[in-house]
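Trainee: Encoded as structure tokens, here's the structure I'll be asking about.
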Amino acid sequence: MRDALRINGQRLVARLAALGEIGALEGGGVCRLALSDEDRQGRERVIDWMRELGLSVSVDAMGNLFGLRPGREEGPPVMTGSHIDTVRTGGLYDGNLGVLAGLEVIETLNDAGITTRRPLCVAAFTNEEGARFAPDMMGSLVYVGGMPLEEALETRGIDGARVGDCLDAIGARGEAPVGAPDVHAFVELHIEQGPVLEESGVTIGAVEKVQGISWTEFTFTGTSNHAGTTPMRLRHDAGYAAMATATFVRELATRLGGDQVGTVGALTLSPNLVNVVANQARFTVDLRNTDNELLKQAERSLADFVTQLAEEEGIEVERRTLARFDPVPFDPAMVDRVEASARALGHSVMRMPSGAGHDAQMLARVCPTSMIFVPSVGGISHNIKEYTAPDDLEAGANVLLQVLLGLSE
Ligand code: HGY
Ligand code: MN
Ligand code: MN
């Protein structure tokens, strides 16, 4: 009976579209930045769905949202979920799929009149993206006790806003404590956000690990000067130095090869005028690698480059670490469960690392954890064109259903 149980794919796609209306961008895509009013509206919609499904809803002091379904027995729940905050040019699926597929599993069990032995819980963690408030996975990091709540609440965003104030402004600061969760196991369904599954012609990814993440903000300070009268030998050009660093990051990733990636995603020059040599450049460097020693080597190379460049160009350098997470391996037995459930459902499946960060990498600190990936068309994500085919959404949610059933009996 349970092996034959299937989720309702149309219902899942309908919820994804309905949630995607909140923060919808002209021309498609979603902007639902963490702790924005769009986030508030999205939370309210998810809470309404949780209540309609008979879940008891709780919110913790970091705004992490939980919908709990009792089991036949008391005890730590089997948890699934993800996040509903998005980047500024987000899609319908990043994070949202994991939360809404969790709700779809609950509705499927409700329809079938099944009560699992262990309780089930669907979670939506605060500020997974880190695009407004760094680091990423902030909510789940606080939830597992990896970041003091007070430190998170004091964090300032790229717009100067304070996390604690924004939580209060959207009514998301809950009563439940954070820091020592009691969770039996955690499984997160997520789009791959890369090209591997599609290029391999495979439907399901059984994720073995999440790669290491290193985010640094640099502030270069030089001397603003006239773009026409200042000889090149007298310049202290913060703009040039920032862009030289961006070029170095690309060359470094190419030279290291393998899984090394590097990105300068945010860059602000001042005074940012056509005829003024920039006296300040503020920019971010995102370095990642599945191998922590290689990631450290990349970080050292970048630091050495910046030190030498600052000397040559006569600029001041400030650096701020925005995020630093080592690679996280998932519990092999949990990865086996994903692979076995995918095969039992007749889906092609492959083991793979995750290039993106996820809440699951934080839950792995407190309980056996794994992830299920489904293909991203064209490998596109953090882009309004993000798309995953309905059949693949359904396949991923059915694998999630079977893995959760196995864990909760
Ligand atoms: O940056 C990441 O990998 C995730 O999208 N927060
Ligand atoms: Mn995500
Ligand atoms: Mn994301």
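The values are calculated or read from the model by the stated rules, or taken from the named source; none is laboratory data. No experiment lies behind these values; they were computed from the predicted model shown. Cβ atoms come from the backbone with ideal geometry, glycine included; neighbour counts cover every protein chain shown. For the accessible areas, the whole protein counts, side chains as well, though only heavy atoms, and no ligand, DNA or RNA atoms are used. Shrake-Rupley method; radii C 1.70, N 1.55, O 1.52, S 1.80 Å.
Trainee: What number, rounded to the nearest 500 deg cm²/dmol, is the helix-based mean residue ellipticity at 222 nm of the chain, given -39500 (n - 2.57) per DSSP H run of at least four residues and division by all its residues?
Mentor: -11000 deg cm²/dmol
Trainee: For Asn275, project a label point 7 Å along Cα to C-beta. Then give me every residue of the range 208-235 with its amide nitrogen under 11 Å of that point.
Mentor: Residues 226-229 qualify, since their backbone N sits under 11 Å from the label point.
Trainee: Now for a separate question. To the nearest 0.05, how large is the calculated FRET efficiency for Arg365 and Thr263 if R₀ is 35 Å and r is the Cβ-Cβ distance?
Mentor: The computed FRET efficiency comes out at 0.85.
Trainee: Here is a further query. Can you pull out the trypsin sites (Lys or Arg not before Pro) in the range 83-188 that DSSP calls coil and that have at most 13 other Cβ atoms within 10 Å?
Mentor: Answer by residue number: Arg117.
Trainee: Ok, one more. Exactly which GluC sites (Glu not before Pro) in the range 152-252 are in a DSSP loop and have at most 15 other Cβ atoms within 10 Å?
Mentor: Here the sparse-neighbourhood loop sites are Glu175.
Trainee: Still on this structure, I have one more. R0 = 45 Å: FRET efficiency of Arg72 with Arg324, Cβ-based, nearest 0.05?
Mentor: It comes to 0.60.
Trainee: Quick one: if the Förster radius is 45 Å, what FRET efficiency do Asp336 and Glu316 give, using the C-beta to C-beta distance and rounding to 0.05?
Mentor: E between Asp336 and Glu316, to the nearest 0.05, is 0.30.
Trainee: Oh, and also: Per residue, how many Å² of accessible area does the range 212-325 show with a 1.4 Å probe?
Mentor: In whole numbers, the range 212-325 has 53 Å² accessible per residue.
Trainee: Would you kindly state how much longer the chain becomes between Asp391 and Arg2 on full extension, computed as 0.36 nm times their sequence separation minus their alpha carbon distance, in nm to one decimal?
Mentor: That works out to 138.0 nm of additional length.
Trainee: Show me the ranking of peptides 310-323, 95-108 by mean Cβ neighbours inside 10 Å, starting with the highest.
Mentor: Averaged packing, sorted descending, gives the order 95-108, 310-323.
Trainee: Ignoring ligands, DNA and RNA, what percent of the accessible area of the chain is carbon or sulfur (1.4 Å)?
Mentor: Carbon with sulfur: 50 percent of the solvent-accessible area.
Trainee: Largest first and in whole Å, what are the equivalent-ellipsoid semi-axes of the chain based on the Cα gyration tensor, each being the root of 5 times an eigenvalue?
Mentor: With the √(5λ) rule applied to the chain, the semi-axes are 41, 22, 19 Å.
Trainee: Using the Karplus curve 6.51 cos²θ - 1.76 cosθ + 1.60 with θ = phi - 60°, work out ³J(HN,Hα) for each residue of the range 83-97 in order, rounded to whole Hz, and write x for Gly and Pro.
Mentor: 9, 10, 7, 10, 6, 5, 10, x, x, 7, 10, 4, x, 4, 4
Trainee: Here's something else I'd like to know. Sort all Cα-Cα distances of the range 212-325 into consecutive 5 angstrom bins from zero, then give the percent of pairs in each bin up to the one containing the longest distance.
Mentor: 2, 13, 23, 22, 17, 11, 7, 4, 2, 0
Trainee: Between Glu217 and Phe305, what length comes free when the chain is fully extended (0.36 nm per residue of separation minus the Cα-Cα distance, one decimal in nm)?
Mentor: 30.2 nm
Trainee: Starting from the 7 Å offset along Cα-to-Cβ, what nm value, one decimal, do you get for the label separation of Ile158 and Thr230?
Mentor: Using points 7 Å along Cα→Cβ, the separation is 2.6 nm.
Trainee: Also, quick follow-up: So what is the relative contact order for the chain, in percent, with contacts set as C-alpha pairs under 8 Å and at least six apart?
Mentor: 23 percent
Trainee: Something else: Can you compute 3J(HN,Hα) from phi for each residue in the range 206-213, using the Karplus curve 6.51 cos²θ - 1.76 cosθ + 1.60 with θ = phi - 60°, rounded to whole Hz and x for Gly and Pro?
Mentor: 9, 7, 8, 6, 10, 6, x, 10
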